[in-house]
Amino acid sequence: MINVGVLGARGRMGATVCAAVEAADDLALVAAVDAGDDLATLTKAEVVVDFTHPGAVMDNLRWCVENGLHAVVGTTGFDDARLATVRGWLASAPGVGVLVAPNFGIAAVLMMRFAAQAARFFESVEIVELHHPNKADAPSGTARRTAELVAAARREAGLTPGGPDATTTALDGARGASVDGVPVHAIRLAGLVAHQEVLLGGSGETLTIRHDSLDRVSFMPGVLLAVRQIGSRPGLTVGLDPLLDL
Ligand SMILES: NC(=O)C1=CN([C@@H]2O[C@H](COP(=O)(O)OP(=O)(O)OC[C@H]3O[C@@H](n4cnc5c(N)ncnc54)[C@H](O)[C@@H]3O)[C@@H](O)[C@H]2O)C=CC1
Ligand SMILES: O=C(O)C1=N[C@H](C(=O)O)C[C@H](O)C1
């Protein structure tokens, strides 16, 4: 039995994780913590899952590492500097494992992979992410990660990250945000959960790779896989890919 604590337990994702942990025979929910609650209740846990806010997650994570607790983190907002900081904390906590993943959906992980594979074959690439209107950050962590992977694949192939673009006048934001040179557009629309399209264009043809999370249960198999494996993966793991043998 693995004892699990959840940070952000009253949020959309945290509440879904609490239910998934309670439904699993090999996991026990021992702490459900939200803003203002005492973190000390988490010391009963072996693994802490964090779905909070980009502004809160670093303090939470430092506390977990300092207290020798493994952590599975879905909260967005991680860039190279933040990841380096976490690696620094882990250097003083041998045996502690932290996994940070921008998206725990298996189909989303595959969508990112397929986009990176396709990127070198097309002249143009742009990303459109679409989410529920209560989302705090834009663009999404998934879109940022996809853009980084696509840009790296294109650079390796000797291509520029984005595609041709003759725009000389534009309203602010009309061409999206540039992430590593790849244009990323963010839609916020009532009724949506989490969706993304990677649009690729070449000579007389286009390819659209689309992923849809229709319900937050889509993230649970990935979260539970990480909870079960993180105890045997000391140090920092970024993304779910290595747990899926990708
Ligand atoms: N990696 C993935 O697969 C996914 C990641 N996310 C990310 O997870 C994060 C949370 O998303 P939602 O659940 O939709 O947000 P939400 O706003 O519904 O929930 C966040 C919860 O965290 C709590 N919270 C804030 N600061 C806290 C603190 N210091 N300690 C404890 N609790 C705190 C809030 O009170 C709230 O209950 C976002 O960054 C989002 O992008 C969301 C879905 C999937
Ligand atoms: O806030 C969300 O909802 C989601 N956040 C993650 C992100 O920013 O990529 C994962 C998924 O898109 C849902």
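The values are calculated or read from the model by the stated rules, or taken from the named source; none is laboratory data. Given the structure is predicted, the values throughout are model-derived calculations rather than measurements. Positions of Cβ are generated from backbone atoms using ideal geometry, with glycine treated the same way; all protein chains shown enter the neighbour counts. Just the protein is used for accessible areas: all its heavy atoms, side chains included, with ligands, DNA and RNA removed. Shrake-Rupley method; radii C 1.70, N 1.55, O 1.52, S 1.80 Å.
Residue-wise test of (1) within 22 Å of the chain's Cα centre (by Cα); (2) open to solvent by 10 Å² or more (accessible area, probe 1.4 Å).
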position	(1), (2)
Gly88	yes, yes
Leu99	yes, no
Phe114	yes, yes
Val128	yes, yes
Gly141	yes, yes
Gly158	no, yes
Output for region 67-86, where each listed residue is among the β-branched types (Val, Ile, Thr) and more than 13 Å from the chain's Cα centre (by Cα): Thr85, Val86
Of the residues in region 66-82, those that are free of Cβ contacts under 8 Å to residues at least 40 places away in the same chain and more than 26 Å from Arg144 (Cα to Cα) come to Glu66, Asn67, Gly68
Restricting the search to region 197-213, which residues are over 16 Å from Ala108 (Cα atoms) and either part of a strand (DSSP E or B) or free of Cβ contacts under 8 Å to residues at least 12 places away in the same chain (or both)? Leu200, Gly201, Gly204, Glu205, Thr206, Leu207
Given (1) in contact with a strand residue (DSSP E or B) (Cβ under 8 Å, 6 or more places away or on another chain); (2) part of a helix (DSSP H, G or I); (3) within 16 Å of ligand 1 (Cβ to nearest atom), identify the lone condition not met by Met112. (1)
Does Leu99 qualify as being under 25 Å from His211 (Cβ atoms), assigned to a strand (DSSP E or B) and either modelled with pLDDT under 95 or not acidic (Asp, Glu) (or both)? yes
Residues (within 16 Å of ligand 2 (Cβ to nearest atom) and open to solvent by less than 50 Å² (accessible area, probe 1.4 Å)) located in region 174-185: Gly176, Ala177, Val179, Val182, Val184, His185
Starting from region 128-148, keep only residues that are among the basic types (Lys, Arg), then list their pairs with residues that are within 6 Å of ligand 2 (Cβ to nearest atom) and open to solvent by 30 Å² or more (accessible area, probe 1.4 Å) whose Cβ atoms are within a distance under 8 Å, requiring at least 6 positions of separation or different chains. Arg144/Pro102; Arg145/Pro102
Here are some residues: Leu236, Leu224, Leu171. Which one is away from ligand 2 (no atom under 13 Å from the Cβ), more than 19 Å from Phe114 (Cβ to Cβ) and either basic (Lys, Arg) or in a helix (DSSP H, G or I) (or both)? Leu224
Kindly establish whether Thr16 is touching a Lys or Arg at 6+ places or on another chain (Cβ under 6 Å) and either among the polar types (S, T, N, Q) or under 30 Å from Glu148 (Cα atoms) (or both). yes
If only one of Ala190, Ala153, Ala194 is more than 18 Å from the chain's Cα centre (by Cα), within 16 Å of ligand 1 (Cβ to nearest atom) and either surrounded by fewer than 13 Cβ atoms within 10 Å (Cβ to Cβ) or in contact (Cβ under 8 Å) with a residue 12 or more places away in the chain (or both), which one is it? Ala190
Among the strands (runs of 3 or more DSSP E) confined wholly to region 1-81, which include 2 or more residues that are surrounded by 23 or more Cβ atoms within 10 Å (Cβ to Cβ)? 2-7, 47-50, 70-73
How many residues does region 197-220 contain that are open to solvent by 50 Å² or more (accessible area, probe 1.4 Å), in contact with a Leu (Cβ under 6 Å, 6 or more places away or on another chain) and hydrophobic (A, V, I, L, M, F, W, C)? 1
If Ala107 meets every condition in (1) farther than 17 Å from Leu61 by Cβ; (2) open to solvent by less than 40 Å² (accessible area, probe 1.4 Å); (3) touching a His at 6+ places or on another chain (Cβ under 7 Å); (4) of a type outside the set (Lys, Arg) apart from one, which number is that one? (2)
